[in-house]
Amino acid sequence: MFVHPTMSCCRNVFAGISRPIIEFPVDTARTIASLALTGTLTRYADITFIFSHGGGVLPSIVNRLGAPVAALAPEERARRLPQGLDYVLKRQYYDLASVAMNPAGMAAVLKLWPITQLTYGSDEPFNSTVGVANGIAKLGLPADDLALIHRGNAVRLFPRLA
C-alpha cells in the first residue's frame, strides 16, 4: 500500500506558504506514528506499506515516540508492538521523493531506515525526476546500495514487473 498525503489537516498555517511545503511531511509522520502506535502495522503485518518522502519528519522525531510506547501497559505494548517500535518501522518501505535532494534529511533517513527498505520516488510533477536522481547520486553510496534504491528494492516488492 503506497501512502502519500493529499490534503493536510491544517489550513493556512503560514500565509503565502502552501500546505504541502510543511504539512505533507508532518502528515506523513503522523500517519506512520498512528499506524505503529495503534498496533495496526502489527495486526496487518502482511500488508506492505510504502511511505512517501522518507517518512516525512518521522526520522527527526522518532525518539519522541518512545514516550507513548513506554506509557502503554506491558500487556498492551506486547499486543501492539510485540517486537518493538523499531522493528515495525524498519520493516516498512520509504520512497525518497523530495528528501533525496536534502542531504541533512537523507542523513537521518539513511541512519534510521535500512537501505533494503528505500525506494526511488520522484514526486513528479512537484519535483524533478532528474533532481531526485542527482540527489541520490550525490549521497556517495556504494553502487550496490544505489542499485537497490533505484530498482532492486522495487523489483523485490513487485517481482512481476521485473
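Couple of notes before you dig in:
- Under the membrane-span-like helix rule (DSSP H runs whose alpha carbons stretch at least 20 Å along the helix axis, mean Kyte-Doolittle hydropathy -0.5 or higher), the chain yields 19-37.
- A simple spin-label model places pseudo-atoms 7 Å from Cα toward Cβ; at PHE14 and SER60 they are separated by 1.0 nm.
- At the listed q of 0.09 Å⁻¹, the Debye profile of segment 2-161, built from one uniform point per Cα, gives log10 I(q)/I(0) equal to -0.31.
- Between VAL130 and SER34, residue separation times 0.36 nm minus the direct Cα-Cα distance comes to 31.3 nm.
- 222 nm mean residue ellipticity, helices alone, for the chain (DSSP H n ≥ 4; -39,500 (n - 2.57); rounded to 500): -12000 deg cm²/dmol
- Stretch gain in nm, segment ALA104-LEU157, where the contour uses 0.36 nm per residue and the Cα spacing is subtracted: 16.4 nm
- Of PRO114, PRO103, PRO68, the one that fluctuates the most in a GNM where the chain has Cα springs shorter than 10 Å: PRO68
- Segment 2-161: relative contact order in percent, alpha carbon pairs under 8 Å with at least 6 residues between: 19
- Charge tally in the Cβ shell below 11 Å around ARG43, where Lys, Arg are +1 and Asp, Glu are -1, ARG43 excluded: +1
- Were the residues from ALA45 through PHE2 laid out at 0.36 nm apart, the gain over their Cα-Cα distance would be 14.0 nm.
Computed from the coordinates by the stated procedures, all read-outs in this text should not be read as laboratory data. As the structure is a prediction and not an experimental result, all values here were calculated from the model. Every residue, glycine among them, receives a Cβ derived from its backbone with ideal geometry; neighbour counts consider all protein chains shown.
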